[in-house]
Amino acid sequence: MEVTGAEIVVRCLAEEGVEFVFGYPGGAVLNIYDEIFKQNKFKHVLVRHEQAAVHAADAYARATGRVGVALVTSGPGVTNAVTGIATAYMDSIPIVVVTGQVPTPAIGLDAFQEVDTVGITRPCVKHNFLVKDVKDLAVTMKKAFIIAATGRPGPVVVDVPKDVTAHLTEFVYPATVEMRSYNPVVKGHSGQLKRAVQMLLEAERPMIYAGGGVVLGDASPQLVELTRLLGFPITNTLMGLGGHPATDRQNLGMLGMHGTYEANMAMQHCDVLLAVGARFDDRVIGDPAHFAREQRRIIHIDVDPSSISKRVKVDVPIVGDVQNVLTDILALLKQAKEKPAAAALNAWWTQIELWRSKNCLKYNQSGAIIKPQYVVEKLWEVTKGDAYITSDVGQHQMWAAQYYKFDKPRRWINSGGLGTMGVGLPYAMGVQLAFPDAQVACITGESSIQMCIQELSTCKQYRIPVKVVTLNNRYMGMVRQWQEFFYGSRYAESYMESLPDFVKLAEAYGHVGMRIDKPEDVEAALKEAFSPALKERLVFMDFQTDQTENVFPMVEGGKGLSEMILAEEL
Amino acid sequence: MRHIISLLMENEAGALSRVAGLFSARGYNIESLTVAPTEDATLSRMTIVTVGSEDVIEQITKQLNKLVDVIKVMDLSDGRHIERELMLVKVKAVGLAREEMKRTADIFRGRIIDVTDATYTIELTGTGSKLDAFLEAIDPAFIIETVRTGASGIGRGERSLKI
Ligand SMILES: Cc1cc2nc3c(=O)[nH]c(=O)nc-3n(C[C@H](O)[C@H](O)[C@H](O)COP(=O)(O)OP(=O)(O)OC[C@H]3O[C@@H](n4cnc5c(N)ncnc54)[C@H](O)[C@@H]3O)c2cc1C
Ligand SMILES: Cc1ncc(C[n+]2csc(CCOP(=O)(O)OP(=O)(O)O)c2C)c(N)n1
Ligand SMILES: [Mg+2]
C-alpha cells in the first residue's frame, strides 16, 4: 500500500524507537504534524522556540546516549534551530533534525518561508540531506540515524519539501544501509596499541587526560579499570566530567583555563600523556607553544583522525572507538610481564599531592553574602551527588563543573564547544523527560536563563519538575571577570539592569519561585525544592550571590597551562 | 608547499559545495579545483591544488576524508604523478602577428581551434608552468581572453585512485 511522505517520516521515527520529538509546527510541516496527530508511538513535545527544541533533543541524547530528534518548519523555523544545531555539532552530539522545506517546484524562487537549509546548516552539521523524491525518504532517514550515531557523533539535518510529504510511495524501512563513502574506523591498529602499552609501562610521570569521547563512547567502565590497573593520575575536560569519578583519589579534577592547579601542573609536567577522546582544545592546553616546551610523549585515542595532531603533535595516534581501544589496551596490559615503574610513580604522586595541597578550590563562605560556590556544594550534598546537572554558560557553569563532583557519566549536560547561553533550561527539559524520576537541576545565571526563559511554559504544559538554581550576581559575571582583569574594570554592558522579579515570573508561569538572600537559608531552600512535597513542581530558586566573585584558578588566554592565577594570589 | 590532491566522491547535488565550504570555513587555500563525473556516473573525481605546510595538508586530507560524501582521498604529490591543464586563448591575429601567433602556438604544441579574420583561438594542454610560459611568450597586447581549467592529475604507473 502506498503512503504519504509525511506518514513515512513518522513511521521511520517510530521504527527508530524514538520516544520524544521536540518541535514546533508551521506550514511546511503541517502534513507531518497531521500524521503525528494520528499516531501514538512517540510523544511530541511542543516547545516555545525552535532553538529550545533542538537543545532539548540534544540533552536527551547527551543523557541517554540515544539519538535526539527535533522537528521544525521551513525558513524561520530553521534559522531559529541553527544555534541548537551548531551547539550539538561542537560537542559531537547525535541528533536528527527534520526540517520542512517549501515545495520542490518553489525551491529557488524566494518562496514564502524559504531558506537554503542545506546551505545554512552545512558548516554546523555532520551531514545533511535534501530529499527531493519521496522514494528516497525512508532510506535517507535511515542514513541520518546511522550517521548521527556512529563514528564521531553529530547532528544530521533532513530537509523535506512539503510536496514530498504529500507524495505517495510504498513504505519500506531498511534495517541498515551500506554507504561506501562512510565507514568510521572503530578498531585500533594493533601495532599502535602495542607501542602505546609499551610507552605507558615506561612512563615515570604519566598522566591520563580524558575527554568527552569517553562519555560519548560509553567507555567509562574501561577507563576506570585502566586507571586503577595503572595507578596513574587522571584529569577530565569539561566535556569529560563524570567519565571518571570525581571523588576518586586518582582524579585530579578538571584541567584547563579553569582547571585545578594539580591537574594543570601534572598535565604540563608529565612525561607520558594518554589522551582519550579529548581534542586538545585551546581552553584546555592554553598556549600550544608553551605546552610544547616540556618534553613528553603523547598517545592519542580518537575516533576522528582529524582530531589527532590538529593542535598538538602526537607520537602514537590510535584511531578507533574508545571503548574498543581501551578494552584492547587493558587486555595487552594484563598480558604484559612488566608493571608500571613503581618507584617513579610514587615520586610523581608525592609531587602531585604537593600541588594538590594548595587546595586551589578553597573559598570562604563567611559574612552575609552568598558565595556561588557554596550553593553548588550544598546542591551536591542535598542531591547526594546523584542529580543530573545542566548548566548555562558563564561563571556559574565553571562553578558547577568545579564544585559538583560528578561520579557518573552523562550526568553533566552543558555546552562546552559553542558555549551557548540559553541551553540550561531546555537541556533540563530533555533530561527530565528522559528520566522522569531523576533529580534534575539547571545551574544558571540571571543573564543566561533569560535567553530561553519562555520554556518555563513548556515545563508547565508537560509538568516537567526541574529545579532551576540561578546564581544571580546581577552581572554577566564571566564577561565582568574578563573586564576586571583585562579591561581596567570598565564594565561595558555587562551589568544586568531591570532584572525581572524571578519569583513572580516563575509564579506567572505556574511554578514555584523562591528568592534566597542569606547564606544560612541556602541549604533549607535546596532541601525544600527537592523535598517530596515539591517533587512534581518546577522550582525556580533565585540565589542572590556575591556580585564580584571570580572563577579561579584561571589561565589567561594565550598563557601557558602552568601560568595560573590562583584565588589566594589576589 | 604546493600539493595536488585527488578525490573520489558521490556524484550528488551539493557535493562540490561541501568541499568548497570546507576550504573556506577552515581557511585553506584553493589554487584550483576541477571536478567531473568519472566513467562510473555515480562518482565524481576532483582535483584540488592547494598550498600549505605539512600540518595543514595533513588536516586538509583528514577533513576531506571526513566528509560523508567523500570516498577516497589521495595526495598525488606524495608520489610520481602527471599533471595536465587545458587552456583556451583567444588572440588578435592580424597582419604580421597572424603568422607569428601560429608559429608560437606550434612551438608549444598548441592547436588553433577557431579562426576568424581577426582572431585565433588556441588550445593548449600541459603543466601549469608550460601554459604560463606560452602566455609569457606572446605579446600581452594581443591576448583577448584566456580560460584555464585548473590542473587535473593522475598517478604514474600502477598508482591509481579507484574504489
Ligand atoms: C566559559 C567556558 C569555559 C571553559 N573552560 C574550560 C576549562 O577550563 N577546561 C576544559 O576542559 N574545557 C573548558 N571549556 C570547554 C572547551 O571549550 C571545550 O568544549 C572542551 O574542552 C572540549 O572537551 P574535549 O576535549 O573533551 O572534547 P569534546 O568536544 O568532548 O570532543 C570529544 C572528542 O572525542 C572524540 N570522540 C567522540 N566519540 C568517540 C568515541 N566513541 N571514541 C573515541 N573518540 C571519540 C571526538 O572525535 C572528539 O575529538 C570551557 C567552555 C566554556 C563555554
Ligand atoms: C548566546 C551567547 N551570547 C553571548 C555569550 C558570551 N558570554 C559568555 S558568558 C556571558 C555572561 C553570562 O552571564 P550569566 O548567565 O549571568 O552567568 P554568570 O557568568 O554571571 O554566572 C556572556 C555574555 C555567550 N556565551 N552566548
Ligand atoms: Mg550573572
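Quick notes on this one:
- Boolean, B:Glu10 is of a type in the set (Asp, Glu), open to solvent by 20 Å² or more (accessible area, probe 1.4 Å), over 17 Å from the mean Cα position of the chain (by Cα) and within 14 Å of another protein chain (Cβ to nearest Cβ): yes
- Lone qualifier among A:Arg228, A:Arg195 - being open to solvent by 40 Å² or more (accessible area, probe 1.4 Å) and farther than 30 Å from A:Thr64 by Cβ: A:Arg195
- Cross-chain or 6+ apart pairs with Cβ under 6 Å, segment A:452-463 first and touching a residue at least 40 places away in the same chain (Cβ under 8 Å), then crowded, with 23+ Cβ neighbours inside 10 Å and of a type in the set (Gly, Ala, Ser): A:Cys452/A:Ala52; A:Cys452/A:Gly422; A:Glu455/A:Ala52
- Selection within segment A:491-502 - open to solvent by 30 Å² or more (accessible area, probe 1.4 Å) and under 16 Å from A:Glu446 (Cβ atoms): A:Tyr491, A:Glu493, A:Tyr495, A:Met496, A:Glu497, A:Ser498, A:Leu499, A:Pro500, A:Asp501
- Segment A:469-498 - residue that is among the hydrophobic types (A, V, I, L, M, F, W, C) and within 14 Å of ligand 3 (Cβ to nearest atom) and, of those, nearest to A:Tyr374 (Cα to Cα): A:Leu471
So that you can scan it fast, the table gives a plain yes or no per residue for (1) β-branched (Val, Ile, Thr); (2) open to solvent by less than 10 Å² (accessible area, probe 1.4 Å); (3) modelled with pLDDT under 95; (4) outside any loop (DSSP other than H, G, I, E, B):
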site: A:Val18; (1), (2), (3), (4): yes, no, no, no
site: A:Phe22; (1), (2), (3), (4): no, yes, no, yes
site: A:Asp34; (1), (2), (3), (4): no, no, no, yes
site: A:Ala61; (1), (2), (3), (4): no, yes, no, yes
site: A:Gly77; (1), (2), (3), (4): no, yes, no, yes
site: A:Pro105; (1), (2), (3), (4): no, no, no, yes
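- Residue that is most open to solvent (accessible area, probe 1.4 Å), among those in segment A:299-328 that are β-branched (Val, Ile, Thr) and more than 22 Å from B:Ser53 (Cα to Cα): A:Thr327
- Cross-chain or 6+ apart pairs with Cβ under 6 Å, segment A:420-446 first and within 20 Å of A:Glu19 (Cβ to Cβ) and away from ligand 3 (no atom under 16 Å from the Cβ), then hydrophobic (A, V, I, L, M, F, W, C) and open to solvent by 10 Å² or more (accessible area, probe 1.4 Å): A:Leu433/A:Phe20
- Filter result for A:Gly212 (surrounded by 24 or more Cβ atoms within 10 Å (Cβ to Cβ) and either touching a residue at least 40 places away in the same chain (Cβ under 8 Å) or assigned by TED's automatic domain parsing to the domain that holds A:Trp348 (or both)): yes
- Qualifying residue in segment A:439-446 (condition: among the acidic types (Asp, Glu), touching a Ser or Thr at 6+ places or on another chain (Cβ under 7 Å) and either within 16 Å of ligand 2 (Cβ to nearest atom) or not in a helix (DSSP H, G or I) (or both)): yes
- Residues of segment A:420-460 that are surrounded by fewer than 24 Cβ atoms within 10 Å (Cβ to Cβ) and out of contact with any strand residue (DSSP E or B) (no Cβ under 9 Å at 6 or more places or on another chain): A:Pro436, A:Asp437, A:Gln450, A:Met451, A:Ile453, A:Gln454, A:Ser457, A:Lys460.
- Subset of segment A:384-404 that is touching a residue at least 40 places away in the same chain (Cβ under 8 Å) and touching a Phe, Trp or Tyr at 6+ places or on another chain (Cβ under 6 Å) - its residue that is surrounded by the fewest Cβ atoms within 10 Å (Cβ to Cβ): A:Ile389
- Candidates A:Ala331, A:Ala292, A:Ala275, filtered to the one that is under 18 Å from A:Phe232 (Cα atoms) and surrounded by fewer than 17 Cβ atoms within 10 Å (Cβ to Cβ): A:Ala331
- Elements of type helices (runs of 4 or more DSSP H) in segment A:306-403, at least 2 residues being within 23 Å of the chain's Cα centre (by Cα) and away from ligand 1 (no atom under 16 Å from the Cβ): A:372-382
- All positions within segment A:128-152 that are within 16 Å of ligand 1 (Cβ to nearest atom), surrounded by fewer than 24 Cβ atoms within 10 Å (Cβ to Cβ) and of a type outside the set (Ser, Thr, Tyr): A:Ile146, A:Ala149, A:Gly151, A:Arg152
- Flag if A:Thr260 is polar (S, T, N, Q), open to solvent by 20 Å² or more (accessible area, probe 1.4 Å) and within 21 Å of A:Val215 (Cβ to Cβ): no
- Some residue of segment A:512-531 being open to solvent by 10 Å² or more (accessible area, probe 1.4 Å), within 24 Å of A:Val423 (Cα to Cα) and hydroxyl-bearing (Ser, Thr, Tyr): no
- Looking only at segment A:447-458, and only at residues there that are in a helix (DSSP H, G or I) and not charged (D, E, K, R), the one that is nearest to ligand 1 (Cβ to nearest atom): A:Ser448
Here is a yes/no grid of residues against (1) closer than 30 Å to A:Val214 by Cβ; (2) β-branched (Val, Ile, Thr):
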position	(1), (2)
A:Glu35	no, no
A:Val72	no, yes
A:Ala88	yes, no
A:Pro94	yes, no
A:Gly108	no, no
A:Ala111	no, no
A:Thr121	yes, yes
A:Cys124	yes, no
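- Residue tally, condition in a helix (DSSP H, G or I) and within 14 Å of another protein chain (Cβ to nearest Cβ), over segment A:79-103: 3
- Residue list for segment A:461-490, restricted to those being in a loop (DSSP other than H, G, I, E, B) and open to solvent by 50 Å² or more (accessible area, probe 1.4 Å): A:Arg463, A:Arg474, A:Met476, A:Tyr487, A:Gly488, A:Ser489, A:Arg490
- Per the conditions (1) surrounded by fewer than 19 Cβ atoms within 10 Å (Cβ to Cβ); (2) more than 9 Å from chain A (Cβ to nearest Cβ); (3) over 30 Å from B:Asp117 (Cα atoms), the sole criterion not satisfied by B:Ser17 is (2).
- Meeting the requirement of 1 or more residues that are within 14 Å of chain A (Cβ to nearest Cβ), the strands (runs of 3 or more DSSP E) wholly within segment B:42-108 are B:43-51, B:70-75.
- A:Thr121 falls short of the stated requirement of being crowded, with 19+ Cβ neighbours inside 10 Å, of a type outside the set (A, V, I, L, M, F, W, C) and away from every other protein chain (no Cβ under 14 Å).
- Whichever residue in segment B:20-41 is assigned to a helix (DSSP H, G or I) and open to solvent by 50 Å² or more (accessible area, probe 1.4 Å) and, among such residues, is nearest to the other protein chains (Cβ to nearest Cβ): B:Ala25
The values are calculated or read from the model by the stated rules, or taken from the named source; none is laboratory data. Just so it is clear, the model here is predicted, and its values are computed rather than measured. Here Cβ is always computed from backbone atoms with ideal geometry, including for glycine, and neighbour counts include all displayed protein chains. Side chains are part of the model used for accessible areas, which takes the heavy atoms of the whole protein and leaves out ligands, DNA and RNA. Shrake-Rupley method; radii C 1.70, N 1.55, O 1.52, S 1.80 Å.
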